[in-house]
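**Q** Below is the structure I would like to discuss, written out as structure tokens.
The values are calculated or read from the model by the stated rules, or taken from the named source; none is laboratory data. Model, not experiment: these values are computed from the prediction. Virtual Cβ from ideal backbone geometry, glycine too; neighbours counted across all protein chains shown. Areas reflect the complete protein model, heavy atoms only, side chains present, ligands, DNA and RNA absent. Shrake-Rupley method; radii C 1.70, N 1.55, O 1.52, S 1.80 Å.
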Amino acid sequence: MKSIPYGRQHIDEDDIRAVTDVLRSDFLTQGPNVASFENSFSTYCGCHHAIAVSNATAGLHLAYKALGVKKGSRVITSPITFASTANAVRFCEGEVWLADIDPRTFLLSLDSVKQLIESKPKGFFSGIAVVDFAGLSADMEAFRSLADDHNLFLLEDAAHAPGGYFTDSKDQKIKTGSGKYAHCSVFSFHPVKHIACGEGGMVTTNDETLAENIKLLRTHGITKTHEMTKNHGSWFYEMVDLGYNYRLTDMQAALGKSQLSKNDLSVERRNQIAKNYKKAFDITGITYQHTPEGHYNAYHLFVIQIDQRLALYESLREHQIYSQVHYIPIHKLPYYKGIGYEEAELKHANNYYGRCLSLPMYPTLSNEEQDYIIEKTIK
Ligand SMILES: Cc1ncc(COP(=O)(O)O)c(C=O)c1O
């Protein structure tokens, strides 16, 4: 049996053709493929605006900035996420605050966020960044209602969850990135995620002002209108804000669009793999992320909870099965130690971290490989 990673991309001949077509064209960047990918992505999510960026970390930075995060702004997020959900707050000189997770879904707990908000004076916090951890869409309707009650922004880190949804109180399926409840959602196209661009990301929103601001900041804060070029010539532009170069190239956009067209099938296969794991683990008592009724999990990861985590991790490695830990909690990273969370706080996040392990999960994982992983996990 060849070695089995915890995640991997799948590139087919259509994807390769899409990229080589761009290489033969006039535009390697700032060409038509970026807008075309953005249009396909907004249609896929059902949102009004999709803005392609160089990676999700850049997307988070632009989204926080457009949402008004600045020196001293306090943003609440989950301790169980990749560092960049928090780091992008710091890029804006904001403060990272953490609430606990739900012990069954491993998502940011609404109750814990509510308690934290209510423990501080009015106006203390600026926003909430919810993570669709492992591919499970959070209940953004409930978070939006809490955010509105306290005049906060709501950002959805949807890096793990393109194609996932939850069902709202009107019985509507709300796809991640739909813009219906979150002010902004951010996706990642790193190859270990669903849609592989090499590097890449997307910000979605239904708010036109936010979209315009994010677009401006993506390209150096530079703008050009017909009005302003009239007296100078078409070479003229103005730089109106301090922006960045966070653009996606046309090669990446073409690859992303081709990959997106296969995402529903890929999520379906991920759900089949999850079903197989659950069937096997239900007999042996191994627990895993709970997907509540009405939620469709996009399964970027399949996370189990196990007491002898290190022993299992090492023994899987001996059989060339490369499981992974997602994630070292934010408050345990040396850079964030200073924000001062004691061991007794964030109890569920700490318990989760001591026992979590992500098993291989990707659409091309074969049934035979999965049987082998299950056999080596439950033995
Ligand atoms: C939850 C989450 N947010 C953001 C990111 C950042 O994504 P990128 O690598 O595209 O910057 C990641 C990447 O692993 C992630 O897992």
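**Q** Roughly how many percent of the accessible protein surface of the chain is carbon and sulfur, given a 1.4 Å probe and a whole-percent answer? Let's see the in-between values first.
**A** Working: 8540 of 17180 Å².
Answer for the chain is 50 percent, counting heavy atoms of protein chains only.
**Q** Does anyone have the angle between helix 250-260 and the longest principal axis of the chain? Alpha-carbon axes, 0 to 90°, nearest 10?
**A** Between helix and principal axis, roughly 50 degrees.
**Q** If I take R0 = 25 Å and measure r between the Cβ atoms of Leu242 and Arg24 in this structure, what FRET efficiency does the formula 1/(1 + (r/R0)^6) give, to the nearest 0.05?
**A** 0.10
**Q** Related question: Could you give each residue of region 82-91 its phi-based ³J(HN,Hα) in whole Hz, using Karplus coefficients 6.51, -1.76, 1.60 with θ = phi - 60°, and x for Gly or Pro?
**A** With the stated coefficients, region 82-91 comes to 6, 3, 5, 4, 7, 4, 5, 5, 5, 3 Hz.
**Q** Take the chain, connect every pair of alpha-carbon atoms lying under 10 Å apart with a spring to form a Gaussian network, then pick out the residue of Ala18, Ala56, Ala344 with the largest mean-square fluctuation.
**A** Result for the chain, Cα springs under 10 Å: Ala344 fluctuates most.
**Q** If r is the Cβ-Cβ distance from Lys279 to Asp14 and R0 is 45 Å, what FRET efficiency results, to the nearest 0.05?
**A** Details: r = 33 Å, r/R0 = 0.73.
So the FRET efficiency works out to roughly 0.85.
**Q** For helix 32-45, report the angle its Cα long axis makes with the longest principal axis of the Cα atoms of the chain; keep it between 0 and 90° and round to the nearest 10°.
**A** 50
**Q** With a point put 7 Å past each Cα toward its Cβ, work out how far Asp171 is from Lys114 in nm, to one decimal.
**A** Between Asp171 and Lys114, the label points sit 2.5 nm apart.
**Q** Okay, moving on. Return the sequence-ordered ³J(HN,Hα) values of region 98-112 in whole Hz as given by the Karplus equation 6.51 cos²θ - 1.76 cosθ + 1.60 applied to θ = phi - 60°, using x for Gly and Pro.
**A** 10, 10, 7, 9, 7, x, 9, 8, 6, 8, 3, 7, 4, 5, 5
**Q** Output ³J(HN,Hα) for region 17-25: one whole-Hz value per residue in order, computed from phi by the Karplus curve 6.51 cos²θ - 1.76 cosθ + 1.60 with θ = phi - 60°, and x for Gly and Pro.
**A** For region 17-25, the Karplus curve yields 4, 4, 6, 5, 4, 5, 4, 8, 9 Hz.
**Q** A further question on this structure: Heavy-atom accessible area per residue, region 121-180, 1.4 Å probe: how many Å²?
**A** On a per-residue basis, region 121-180 sits at 35 Å².
**Q** Then there is this: Treating only the Cβ atoms of Lys and Arg (+1) and Asp and Glu (-1) as charged, compute the dipole magnitude of the chain about its Cα centre; round to the nearest 20 debye. Please report the intermediate quantities before stating the final value.
**A** Values: 39 positive and 44 negative charges, 88 e Å.
For this selection, approximately 420 debye.
**Q** Now for a different question. Please list, ordered by chain and number, the residues whose modelled amide H lies under 5 Å from the amide H of Leu98; skip anything fewer than 5 residues away on the same chain.
**A** Thr77
**Q** Quick one: what does P(r) look like for region 305-379 with 10 Å bins over all Cα pairs, in whole %?
**A** 17, 40, 26, 15, 2
**Q** With the chain treated as a Gaussian network of Cα nodes joined by springs under 10 Å, which of Tyr335, Tyr313, Tyr277 yields the largest mean-square fluctuation?
**A** Ranking Tyr335, Tyr313, Tyr277 by mean-square fluctuation puts Tyr335 first.
**Q** Region 261-359: which GluC sites (Glu not before Pro) are DSSP loop and have at most 10 other beta-carbon atoms within 10 angstrom?
**A** Working: sites: Glu268, Glu293, Glu314, Glu318, Glu342, Glu343, Glu345; in loops: Glu293, Glu342, Glu343, Glu345.
For GluC sites (Glu not before Pro) across region 261-359 that sit outside H, G, I, E and B with at most 10 neighbouring Cβ atoms in 10 Å, the list reads Glu293, Glu342, Glu343.
**Q** Who wins for biggest fluctuation among Phe37, Phe153, Phe281 in a Gaussian network model of the chain, springs between alpha carbons below 10 Å?
**A** Largest GNM mean-square fluctuation: Phe281.
**Q** Mean residue ellipticity at 222 nm from the helices of the chain, using -39,500 (n - 2.57) per DSSP H segment of n ≥ 4 over the full residue count, to the nearest 500 deg cm²/dmol? Please list the in-between numbers first.
**A** Working: 13 runs with 143 residues, N = 379.
For the chain, the value works out to -11500 deg cm²/dmol.
**Q** Can I ask one more? Under a Cβ-Cβ cut-off of 15 Å, what is the net charge of the residues other than Ala50 that fall near it, where Lys and Arg count +1 and Asp and Glu count -1?
**A** Details: positive: Lys175, Lys180, Lys215, Arg218, Arg247, Lys257; negative: Glu38, Glu156, Asp207, Glu208, Glu212.
Once all neighbours under 15 Å are counted, the net charge is +1.
**Q** Just to confirm the number: angle between the C-alpha axis of helix 56-66 and the first principal axis of the chain, 0 to 90 degrees, nearest 10?
**A** Computed tilt is about 50 degrees.
**Q** Got a sec? What order do Lys175, Lys2, Lys230 fall in by accessible area at 1.4 Å, biggest, i.e. largest, first?
**A** Numbers: Lys175 55, Lys2 145, Lys230 120 Å².
Output order, biggest surface exposure first: Lys2, Lys230, Lys175.
**Q** For region 83-170, run through the GluC sites (Glu not before Pro) and keep only the ones in DSSP coil with at most 14 other Cβ atoms within 10 Å of their Cβ. List each step's numbers first, then the result.
**A** Numbers: sites: Glu93, Glu95, Glu118, Glu141, Glu156; in loops: Glu93.
Counting only loop positions with at most 14 other Cβ atoms within 10 Å, the GluC sites (Glu not before Pro) in region 83-170 are Glu93.
**Q** Please give the length that would be gained between Met1 and Ile328 if that part of the chain were fully extended, namely 0.36 nm times their separation in residues minus their C-alpha to C-alpha distance (nm, one decimal).
**A** On the way: separation 327, 0.36 × 327 = 117.72 nm, distance 2.99 nm.
So the chain would gain 114.7 nm between Met1 and Ile328.
**Q** Counting heavy atoms of the protein chains only and a 1.4 Å probe, report the per residue accessible area for region 235-287 as a whole number of Å². Mind showing how you got there, number by number?
**A** Values: 2900 Å² over 53 residues.
Result: 55 Å² per residue.
**Q** While we're on this one: Summing Lys, Arg as +1 and Asp, Glu as -1, what charge do residues with Cβ under 12 Å from the Cβ of Glu375 carry, Glu375 excluded? Walk me through the numbers before you get to the answer.
**A** Values: positive: Lys376, Lys379; negative: Glu368, Glu369, Asp371.
That sum, taken over residues with Cβ under 12 Å, equals -1.
**Q** Another question, then. When DSSP beta bridges are limited to those with both residues in the chain, what percentage is antiparallel, rounded to the nearest 5? The partial results should precede the final answer.
**A** Numbers: 25 of 41 bridges.
Just about 60 percent of them are antiparallel.
**Q** Are there trypsin sites (Lys or Arg not before Pro) in region 41-80 that DSSP marks as loop and that have at most 12 other Cβ atoms within 10 Å, and which are they? Working shown, then result.
**A** Numbers: sites: Lys65, Lys70, Lys71, Arg74; in loops: Lys70, Lys71.
In loop regions of region 41-80 (DSSP not H, G, I, E or B), the sparsely surrounded trypsin sites (Lys or Arg not before Pro) are Lys70, Lys71.
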